[in-house]
């Protein structure tokens, strides 16, 4: 059975209850004390924190942090926010509080970037959004990858996601980029898991990798392999999960929720599998008409979206799930406050270096080697998101 615990994996990465409440108090006290360094009026800080909490509740659909993923000395409550305690976490919330104040300096506008570092991939996934860019030859040279990363650092990022193609296909370059990025931001890997051996997982951890988001598109092995068009895809997901656990890398499972998959039964079985595998997060991404899905009828029905929304909210409110992985559902956020991409909090750089609003709104505004990110962000905000209004939050 796929939903049996993996060998060698010890449970306990999720913390909740009194311990989570204690971490939450430490977290907010840390934010308050850090804010005091820049503002002398405690009442102003408290007022801003209250405003921030109200906005976050609207975005997330819940008011309290009830679970954390504990990894080493740090605690994580979302897969795109730096771990606490850390200087990177402090910088993230300093930027968020400035947003509450209405301070929209360019350098505080960006939290994360999705950076595709390769055009190569051994799989032929049914939904691949980078399909038109895939090639056996790389579009960007190693020094160009580093040049783009150095330019990205000027944005004050606290989080970066290295993707592809399959970023493990460019393993040596990936290690170099992580080592150069880790002092400024949390580094995550977006991968199919294909070829993620224990040796590579240990090297990634040593280089400074924080977490890995591994794509798993069905709880059933044959169905996932068919979706990924490779008979060993599920095997490598499972291997990658085990190897990341052993290396101390935080894990998220990323699901492309298609019309065919999105039923109550499938989502619950997927969640059960994620719990059995002891991952910290699952991320539900709705199928979009981009890449290999261009021109196809893949948009979820209103009933399916309602079902996913109810599942997402229940995962936080139902005590049954208090020890289960933390669920991330960007579609909920977008419907609440609008798109947080398009140069608001994040953007996407494809394997050619072209800058887009996000992986699902591909309309390049310039190449990262040629254009300044300041100009690119201005263009992205004017262009906005293809599906949702650009968030003002």
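Nothing in this text is a laboratory measurement; each read-out follows from the coordinates by a stated rule. None of these values were measured; they are calculated from a predicted model. For neighbour counting, all protein chains shown are included, and Cβ atoms are generated from backbone atoms with ideal geometry for every residue, glycine included.
With an 8 Å cut-off on Cα pairs and a minimum separation of 6 or more residues, tell me the relative contact order of the chain in percent.
For the chain, the relative contact order is 19 percent.
What share of the DSSP beta bridges in region 106-383 is antiparallel, in percent to the nearest 5?
On the way: 4 of 36 bridges.
DSSP beta bridges in region 106-383 are roughly 10 percent antiparallel.
Order 194-201, 312-319 from most to least packed using the mean count of other Cβ atoms within 10 Å.
194-201, 312-319
Sorted by average packing, counted as other Cβ atoms within 10 angstrom per residue and highest first, what order do 250-261, 293-304 take?
250-261, 293-304
What is the Cα radius of gyration of region 235-355 over 2.2 N^0.38 Å, N being its residue count?
For region 235-355, the normalised Cα radius of gyration comes out at 1.16.
Specify the inter-centroid distance of region 60-94 and region 120-157, based on alpha-carbon positions, in whole Å.
First find each Cα centre; the distance between them is then 27 Å.
Once the mean 1/r over all distinct Cα pairs of the chain is inverted, what Kirkwood radius in angstroms do you read off? Don't skip to the end; give the middle numbers.
Numbers: mean 1/r = 0.0470 Å⁻¹.
For the chain, inverting the mean 1/r across all distinct Cα pairs yields 21.3 Å.
For region 272-372, what is the relative contact order in percent, using Cα pairs closer than 8 Å and at least 6 residues apart in sequence?
23
Listed highest first by mean packing, meaning other Cβ atoms within 10 Å per residue, what order do 62-74, 113-125 come in?
Sorting 62-74, 113-125 by mean packing, highest first, produces 113-125, 62-74.
How much length is gained on full extension from residue 301 to residue 289, taking 0.36 nm per residue of separation minus their Cα-Cα distance?
That pair, residue 301 and residue 289, stretches by 2.9 nm at full extension.
Taking the square root of 5 times each eigenvalue of the Cα gyration tensor, what semi-axes in Å does the equivalent ellipsoid of region 72-159 have, largest first? Before the final figure, lay out the partial values.
Values: eigenvalues 193, 57, 36 Å².
Computed over region 72-159, the values are 31, 17, 13 Å.
Apply 1/(1 + (r/R0)^6) to the Cβ-Cβ distance of residue 314 and residue 336, taking R0 = 25 Å, and write down the FRET efficiency to the nearest 0.05.
0.90
Taking each pair of distinct Cα atoms in region 14-90 once, what is the resulting Kirkwood hydrodynamic radius in Å? Provide the component values of the computation, followed by the final result.
Values: mean 1/r = 0.0749 Å⁻¹.
Result for region 14-90, one decimal place: 13.3 Å.
If you average 1/r across every pair of different Cα atoms in region 157-247 and take the reciprocal, what Kirkwood value do you get, in Å?
It works out to 13.3 Å.
State, to one decimal in nm, how far the label point of residue 78 lies from the label point of residue 37, with both points 7 Å from Cα in the Cβ direction.
Calculated label separation equals 2.2 nm.
Averaging sequence separations of C-alpha pairs under 8 Å and six or more residues apart, then dividing by the length of region 14-90, give the relative contact order as a whole percent. Don't skip to the end; give the middle numbers.
Values: 59 pairs, mean separation 25.9, N = 77.
Across region 14-90, relative contact order equals 34 percent.
Please check which bits of region 56-74 a label hung off residue 18 would reach, taking the label as a point 7 Å along Cα-to-C-beta and the cut-off as backbone N under 18 Å.
Zone members listed by number: 66-68.
Could you check the spin-label model distance between residue 259 and residue 28? Points 7 Å from the Cα along Cα→Cβ, value in nm.
In this crude spin-label approximation the distance works out to 4.4 nm.
To the nearest 0.05, what FRET efficiency results for residue 272 and residue 144 with a Förster distance of 25 Å applied to their C-beta separation?
It comes out at approximately 0.05.
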